[in-house]
Amino acid sequence: MTGNSLNQLQFVGLITEREVIRFTPAGLPIVNAVLQHNSQQVEAGVARMTEFEIAAVAAGEISGRFSQAQLGGAYEFTGFLAKKSRNSKSLVFHIIDFRAVQTTQHLDTGA
């Protein structure tokens with residue numbers, strides 16, 4: 001499938017793990033992380049608790065700002081999903097943008 005197919009994910013989550021900034025062989029700065037989300041959603045009229053952890057990567061210009069973001073801080077993330085590598089079945093969330101948010105609900109880190 002090619003063209004203008006939509007692949008966008010947006011959620012509020014915590015940065016629970018983050019590696020130090022590194023550079024690809026092409027010189028692109030990149031930061032790997034793990035993000036955690038916890039919320040209540042309504043599905044088919046029924047409240048449902050949702051929790052997930054997702055591997056994430058910030059590449060290029062945004063990687064510097066992301067590497068300085070507070071661990072454990074709540075942020076609204078926008079990005080897309082892609083396979084970890086060409087032959088992998090695992091997905092990675094690629095961060096395009098993020099901003100700090102004040103949450104009205106408690107985001108439980110599970111700690």
Once fully extended, how much extra length lies between LEU81 and GLU43, figured as 0.36 nm per residue of separation less the alpha-carbon to alpha-carbon distance? 11.4 nm
In whole Hz, the Karplus estimates of ³J(HN,Hα) for the range 39-51 (6.51, -1.76, 1.60; θ = phi - 60°; x where Gly or Pro) are 7, 10, 10, 10, 10, 6, x, 10, 5, 9, 7, 10, 9
What value, in deg cm²/dmol to 500, does the helix sum -39500 (n - 2.57) over DSSP H runs of n ≥ 4 give at 222 nm once divided by the residues of the chain? -1500 deg cm²/dmol
Given an 8 Å cut-off on Cα distances and at least 6 residues of separation, report the relative contact order of the chain as a percent. 29 percent
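Quick note: the coordinates plus some simple rules give every number you see, no bench work behind them. Remember, it's a predicted structure, so these values are computed and weren't measured experimentally.
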